[in-house]
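None of the figures in this text is laboratory data; all of them are computed from the coordinates on show. Note that the coordinates shown come from a computational prediction; the quantities given were computed from them, not determined experimentally. Methodologically, a virtual Cβ is constructed for each residue, glycine included, from the backbone with ideal geometry; neighbour enumeration extends over all protein chains shown.
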């Protein structure tokens, strides 16, 4: 069935990005330890997936990355989040999983906004690639400051780096690491997303392409068993353009 084909394709594409994140985690390509934090490059596939497949896929990918981060917190691979987990497992789940899921959601929606402004899609993919690591830093570190700033672990870091307040603490702890993540997302994430979108002919109207896939999935769920499809994705995209 054609409708099943498109919904299956969407799920397969999401699964492909999940696989990339998992492989990066297993091989150690996802992050480089830098002091109490890690320099993460997992935001690259999350940004690409959010831009190509939409906010829902971004949420799923962000949450999956968050689960790998939570694993590090539980097992003690991350000293800081392990301390937070001992303090409050629930809040640590929100920190590791919730903030990352929100990054994927926000990246997907903001990319849609960028695409409406950037009609020729000359800079929107690079903006999305930059956005994911920046939002990850803001959400993750912002949550730490709001919830765990008074904890013994964070206050020890505050004294060690000589931070005069929460904002300066974020700046000093993230430092060059955050700039490298942002630059990597901007250049690599943006270039890959734009290249893949062009190869799949999704760069002409990314929003319409995402809506077409979502609508085909909805139609499949609502259609009576055995009913033949009446539209394919390309036709749906053309309808959205009219």
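If you rank 143, 84 by fewest surrounding Cβ atoms within 10 Å, what's the result?
If I rank by nearby Cβ atoms, fewest first, I get 143, 84.
Using 0.36 nm times the number of residues separating residue 187 and residue 150, minus their current alpha carbon distance, what extension gain do you get?
Additional length available on full extension: 9.7 nm.
Taking label points 7 Å from Cα along the Cα-to-Cβ direction, residue 120 and residue 9 give a separation of 2.8 nm.
Does the stretch 114-169 come out rounded, prolate or oblate by the C-alpha gyration tensor, with a ≥ b ≥ c the root eigenvalues, rounded set by a/c under 1.5 and, if not, prolate when a/b is larger than b/c and oblate if not?
Prolate, since a/c reaches 1.5 and a/b exceeds b/c.
A Förster radius of 35 Å combined with the Cβ-Cβ distance from residue 160 to residue 67 puts the calculated FRET efficiency at roughly 0.75. With coordinates expressed along the principal axes, the C-alpha atoms belonging to the stretch 2-218 extend over 57, 31, 29 Å, beginning with the largest.
Rounded, prolate or oblate: which one fits the stretch 1-129, using the alpha carbon gyration tensor with axes a ≥ b ≥ c (rounded when a/c is under 1.5, else prolate when a/b beats b/c, else oblate)? Note, shape of the stretch 1-129 comes out prolate.
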